[in-house]
Structure formats: C-alpha cells, structure tokens
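Quick notes on the structure that follows.
Derivation of every value follows stated rules applied to the coordinates shown; laboratory data play no part. Only a predicted model underlies this, so the values are computations on that prediction, with no experimental measurement involved. Note: ideal-geometry Cβ built from the backbone for every residue, glycine included; neighbour counts use all protein chains shown.
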Amino acid sequence: MNGEQLLTQAARTLREHTDSGWVTLRDDVVAAAVRAFRPSAPVRGRLPGGELLVASAVLVSRVGSAVAEVADAGALRITCTTTADDELDRLTVELVALYGTPLVPLADKVRRAAADTVAETLGLADAPVDRVRVDVSVQDVTPDPRLL
Amino acid sequence: MRCPTSGRTLLGMDADEIPDAVLARRAALLDRAAFRVIVDRHGPALYRYARRMLDDPQDTEDCVQEAFAAAWTSLPQFAGRSSLRTWLFAITAHKVRSLQRRRTRTAMPLPFAPVDEVDPRALDPALSAEGTDLLEALNAALRELPPGPRSTWLLREVEGLSYEQIAEVSGTTTSTVRGQLHRARGYLVQRMEEWR
C-alpha cells in the first residue's frame, strides 16, 4: 500500500473507532449537561397559602410532555408570554400534524391538554381557557409518524 | 383505514429511527431522554474530534462536557438552519479553540497518550493490533499539523462534513477549507508513506 492508501485506511479505522475515554465519560456528560441552568422568566402561580413562581422553561416542558401524549401531533415549539406582574398571558403551541388528520379536532385536543397542564402546574382551580390565551398553530404536516 | 398513532414516549420508539431534528426539538422542551439519544449518537464523534485537536485527555473531557452543557442550554434557540450534527461540531470546535488559546497562555500540551486509544471492545485482536498501530501513526502525524488543517482534515475525512459545513464550523470560507484540506492531505500522505 502506498501512503495515500494507508491514509485512506487510517481514516476509515479512526472513523470506526470509539475512544475509551468517551465510554467512561458518557454518563457524566449527560448528568452534567442537564444540570446546566436554562435561564427563563418566572410565571406566577397560586398555592393555598400564597403564591408560586414557576420557571417558564418548566411550564413549557410540562406542556410539551402533555402534547406528546396527543395522538397524531408533535410539538415543534412552545412559547409563553407573561404580563409585567409575571402572570401568564399567552401560551402558543406550534404543531406538526400527521397527514390526513382532521386539524380542528386535533387543535382542540392540544389546546385542552395544554390548558389542563397550565392549570395543574400553576395551581389554578380551572383550566385557563377563558382567562389565558392558548393558541395552537399547525405549522406543518408529515406522512411520517417518526417526525411527530 | 389508517390507525392513529398512540401517545408517544421516546422509550416506546427505536431511538435509532428518530431523526436529529425531532430529538433536538424534544430536548429543547427539556426532554432528557431525547438529549441522551443525542449524546449517544454524536458524543463519540465529538470526543474523537476534540481528542485529536487537544492531545490531552483531561482537556478533551472538559471540552466535551462544556460543549454538551452549552448545547443543552442553547437548544431552545437552535433554529435548524444547519444540521444538529454541524451545530454540535461548531460548539465543540469553539470550545477547542478556547482551550487552545487558554493553553498557549499557560503550558505546553501533554503528549498524546496511546493507551487511551485502545478500544477494549475491539472484536478481533489481530485486526485491533494492526488498527492501533495505524491509528498511532495517524495520531502522531496529526499532532504535527497546525490546528486549522488538522481540524479541516478530521471534519472532512473522518466525520464526513461537507466543505460548506466545515466552513460554518470553523468560521471560515470554503476556499480556505479547500486549501487547508489540500495541505493536510499532502502532509499526511507523506508521513504515512514514511511510516510504511
């Protein structure tokens, strides 16, 4: 083999190689990364004896988990806005829907799931469908369920 | 008649089948299982790249840890303009450059430790020994390259990035990438010829 062929083979060997250092580091990487703080605005909730502040990233995450349970839909992006007093003002859920799914009933299910989760997370007695705007926006459709 | 898909959790699906873009948007919503799949999918390549750019196991660990922590916190801003893989390499390359700059202000790099390169899970001992020799020769030759051409060669020939993706990762132009790759290839061919 000449130098070019050797280099090609060496590159291929390296491509298929997993450093032992990575094998020992892998679990630490995940644990350390998810401890990293994601800064986000607080959202005001209610407790029987007072008030509760929840990071908007946590609220968005919980709504994302709830939307993930709705068949034939996937959350692309979830955003929320708050008032100057940190009260939740608007929650927007952007969706991808499975091709062929009737969109209006689907959006209604997503809206209800999101509103129920907001109520549960913020300690509200009722889902805030009247007080808080929960907007659902279908941004895309896909025939591939893996893309939901 | 089409059956509706049931409620989904990541654990209920074959992780290998889930596209990067889907994992990225789920991890952006604090889905740790999705992030773990991202780490498992791209971690070996990012570590492989950082290890050969930094020549030091501790610096490599710090670099990869910091890169994934930065990815976790920045995922909500990941807009998908580049692929997740390119985006992760860009973060890692940035961390590599920071560590290299910090290092030039402190001490000389430690030599590459070959013992760290032996994969204990290798299937064939004979092939493994041959491959390890070849890898050691390549690692030695790579150490002699300046960071720019070394990075470009690794990203192109080992990790399979396009010229455009390498330019994005390195913050340079495709013509610079072409030039660096040409120089790196020429030097490495010569060194492998000598090793033979």
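In chain A, the DSSP beta bridges split such that about 60 percent are antiparallel, to the nearest 5.
Here the sum of -39500 (n - 2.57) over DSSP H runs of 4 or more residues, divided by the residues of chain A, equals -14000 deg cm²/dmol at 222 nm, to the nearest 500.
Using the Cβ atoms and a cut-off under 12 Å, what net charge is assigned to the surroundings of residue B:143, where Lys and Arg are +1 and Asp and Glu are -1?
Overall, the nearby charge balance is 0.
Just check the protein assembly as shown against the gyration tensor rule for me: Cα atoms, a ≥ b ≥ c as the square roots of the eigenvalues, rounded for a/c under 1.5, and otherwise prolate or oblate depending on whether a/b exceeds b/c.
Verdict is prolate for the protein assembly as shown.
Within the shell of other residues whose beta carbon sits under 12 angstrom from the beta carbon of residue A:31, the net charge comes to +2, with Lys and Arg scored +1 and Asp and Glu -1. In chain A, Cα pairs under 8 Å separated by at least six residues give a relative contact order of 21 percent. Once the other residues with Cβ under 10 Å from the Cβ of residue A:93 are scored (Lys, Arg +1; Asp, Glu -1), what is the net sum? Spelling it out: positives minus negatives among the neighbours equals 0. For the range A:7-148, the Kirkwood hydrodynamic radius from C-alpha pairs, put into Stokes-Einstein at 4 °C and a viscosity of 1.567 mPa s, yields a diffusion coefficient of 73 µm² per second.
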